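To start, the structure under review is shown below, and the notes come after it.
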Amino acid sequence: MIVLAIGATGSIGRHVVAEALAAGHTVRALVRDRARADFPASVDVVVGDVTNPETVAAAVHGVDAVVFTHGSDGGGKVGSRTVDYGAVRNVLAALDRPVRIALMTAIGVTNRMGAYNQSTESHDWKRRAERLVRASGHEYTIVRPGWFDDNAADQLRLVFQQGDSQGGTSSSPADGVISRRQIAQVLVSSLTSESARHKTLELVAETGTAQTDLEPLFAALEADPAGSLDGGADVDNQPLAEEPESVRADLVAIRQP
Ligand SMILES: NC(=O)c1ccc[n+]([C@@H]2O[C@H](COP(=O)([O-])OP(=O)(O)OC[C@H]3O[C@@H](n4cnc5c(N)ncnc54)[C@H](OP(=O)(O)O)[C@@H]3O)[C@@H](O)[C@H]2O)c1
């Protein structure tokens, strides 16, 4: 596959580039700053900004898969809307053929009342990005990781959860923890897994050794209900009718491959 990494210079994106290369894919990286793109020479670096539809269009041409691990990093409500959500909207709008998508959001994305979401709207906009992906018609897997690299050295046994209820309420590592490398491994593995299609999962690790075969983990998950904007077991607390008009318009306009 030709895999486009969005957020390739980020803390997870760098692992995505490495995992995708190791899996034998050809990697294209969309980066803002070429000087930060210290990847192996085989990586096709495209300079652009996810908030600029023109540069996004140049990056998506000819790709077979897209892995999103971007983030606005303290950009507040504007960053959540223009980067966390805007990247997904702009990439989906630019795609001109069916691709496989792996989207990273966050554990707790359905928790709207916590102080973090109240101040940044990060969860709300990431969930809107999830909804665009589900509505887009592309094959996808949505991964909601726990707290990055807060795992102990012996916490490597991957656990896939659904419904966003076991974690995601404390806004602390008590929600669940996972290594950055394993997040990238799950995202990249999902691209070629039949069992991972149309599935949404929270990703954490518990005490134990890492599994070598992820297929049984993907296969045990429920697929998102056909036509639903949310994961099957997600709490229904962000009704479409109360969403901003621009978000509802994006859902209508999203291009079907
Ligand atoms: N920390 C946790 O435990 C945790 C848990 C779950 C989810 N998350 C979420 O994970 C996301 C990523 O976190 P991270 O720590 O990996 O962040 P990061 O290291 O700051 O990576 C973010 C990536 O997005 C890129 N980016 C930002 N704005 C962009 C733009 N306008 N155009 C193109 N690329 C852009 C950055 O590019 P540059 O290199 O140019 O800045 C960088 O490559 C965050 O949204 C966070 O909410 C975090």
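The values are calculated or read from the model by the stated rules, or taken from the named source; none is laboratory data. Bear in mind the structure is a predicted one, so any value in this text is a computation, not a measurement. Here the Cβ is made from the backbone with ideal geometry for all residues, glycine too, and neighbour counts use every protein chain on show. Each accessible area value is taken on the protein alone, full model and side chains, heavy atoms only, with ligands, DNA and RNA left out. Shrake-Rupley method; radii C 1.70, N 1.55, O 1.52, S 1.80 Å.
Tell me whether the stretch 25-38 contains one or more residues that are assigned to a strand (DSSP E or B), in contact with a Leu (Cβ under 9 Å, 6 or more places away or on another chain), more than 10 Å from the ligand (Cβ to nearest atom) and open to solvent by less than 10 Å² (accessible area, probe 1.4 Å). Break it down stepwise before answering.
Going residue by residue through the stretch 25-38, those that are assigned to a strand (DSSP E or B) are 26-31.
From what is left, the residues that are in contact with a Leu (Cβ under 9 Å, 6 or more places away or on another chain) are 27-30.
Next, from what is left, pick out any that are more than 10 Å from the ligand (Cβ to nearest atom): 27-28.
In the following step, the residues that additionally are open to solvent by less than 10 Å² (accessible area, probe 1.4 Å) were identified as 27.
For the stretch 25-38, residues assigned to a strand (DSSP E or B), in contact with a Leu (Cβ under 9 Å, 6 or more places away or on another chain), more than 10 Å from the ligand (Cβ to nearest atom) and open to solvent by less than 10 Å² (accessible area, probe 1.4 Å): present.
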Can you tell me how many residues in the stretch 1-24 are near the ligand (Cβ under 10 Å from one of its atoms) and either of a type outside the set (Val, Ile, Thr) or open to solvent by 70 Å² or more (accessible area, probe 1.4 Å) (or both)? 8
Write out, first by first residue and then by second, each pair whose Cβ atoms fall under 6 Å of each other, whose residues are 6+ apart or on separate chains, and whose first residue, in the stretch 128-156, is in contact (Cβ under 8 Å) with a residue 60 or more places away in the chain and among the small types (Gly, Ala, Ser) while the second is more than 14 Å from the ligand (Cβ to nearest atom) and not in a strand (DSSP E or B). ALA135/LEU251; ALA135/ILE254; SER136/LEU92; SER136/ILE254; GLY137/GLN256; GLY137/PRO257
Where in the stretch 64-125 are the helices (runs of 4 or more DSSP H), entirely inside, with at least 3 residues that are buried (at least 20 other Cβ atoms within 10 Å of the Cβ) and more than 8 Å from the ligand (Cβ to nearest atom)? 86-94
With respect to VAL45, determine if the residue is within 10 Å of the ligand (Cβ to nearest atom), among the β-branched types (Val, Ile, Thr) and not in a loop (DSSP other than H, G, I, E, B). no
Counting only residues that are farther than 14 Å from ALA196 by Cα and open to solvent by 70 Å² or more (accessible area, probe 1.4 Å), how many does the stretch 213-232 have? 2
